[in-house]
1. Determine the sum of side-chain charges near Ala2: Lys and Arg each +1, Asp and Glu each -1, restricted to other residues whose C-beta is under 12 angstrom from that of Ala2.
2. What is the percent of Cα-Cα separations in the range 63-128 that go past 17 Å?
3. From the backbone phi of the range 82-91, what are the Karplus-calculated ³J(HN,Hα) couplings (6.51 cos²θ - 1.76 cosθ + 1.60, θ = phi - 60°) in whole Hz, Gly and Pro given as x?
4. Based on the Cβ-Cβ distance from Arg29 to Asp142, what FRET efficiency comes out when R0 is 30 Å, to the nearest 0.05?
5. Per residue Cα convex hull volume for the range 1-99, in cubic angstrom?
6. What lysines sit close enough to Lys41 to cross-link, taking a C-alpha to C-alpha distance under 22 Å and skipping anything fewer than 8 places away on the same chain?
7. Above 25 Å lies some portion of the pair distances; for the chain, what is it as a whole percent of all C-alpha pairs?
8. Using the heavy atoms of the protein chains alone and a 1.4 angstrom probe, what is the accessible area of the range 26-168 per residue in square angstrom?
Amino acid sequence: MAIRDIVTLPDPILKAVSEAVPAVTDETRAIFDDMLETMYKAPGIGLAAVQVGITQRLVTIDVSGEDEPDAPLFFANPEIIWVSETVREYEEGCLSIPDMYDNVVRPSEVKVAFLDYHGNRQELHCEGLLATCIQHEIDHLDGVLFIDHLSRLKRERIVKKFVKAKKR
Ligand code: GNR
Ligand code: NI
């Protein structure tokens, strides 16, 4: 396992649409393992492969609390197959735009189909923080960041502030 560098704004790779994996192989699992280690080290609750420069549709998530045992989740080719009509607003952040936060409104529950760590097809009903996080991560696979859900004014303010902070 290895910790990989996390790509930050304004790297254009963050706008890339990632490619579906044809199958979950040992090579895929090696990427999953590195992603999990990188995510825990950051620390973050989710990571998309594109954030470590790999444009494959792979996501790791762990929304367990600090005093709970680790509960890693691995998603290959995750697809949202159902969304609730109810929404939830949550203050999001992103490891690719460190220290910038704003409220994003998304469906409060989603059902996701994906291939797990072993390549088995699964469906998972997500709510709460997990629902917010999986939607944030699937957005990354489509080149979308949480700031793309904000008004242009708010987005441009965050990008400007981040780029300025990064230069210091
Ligand atoms: O660590 C993270 N926290 C977070 C908080 C609210 C909504 C989404 C997230 S995901 C983020 C890690 C990250 O950037 N994943 O892509
Ligand atoms: Ni992110």
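1. -2
2. 59
3. 7, 10, 6, 7, 6, 10, 9, 9, 9, 7
4. 0.80
5. 138
6. Lys166
7. Across the chain, Cα pairs with separations above 25 Å total 28 percent.
8. Counting only protein heavy atoms, the per-residue value for the range 26-168 is 53 Å².
The values are calculated or read from the model by the stated rules, or taken from the named source; none is laboratory data. It should be emphasised that the depicted structure is a prediction, and the values quoted were computed from it without experimental measurement. No Cβ is skipped: glycine too gets one built from the backbone with ideal geometry, and neighbour counts run over all protein chains shown. Each accessible area value is taken on the protein alone, full model and side chains, heavy atoms only, with ligands, DNA and RNA left out. Shrake-Rupley method; radii C 1.70, N 1.55, O 1.52, S 1.80 Å.
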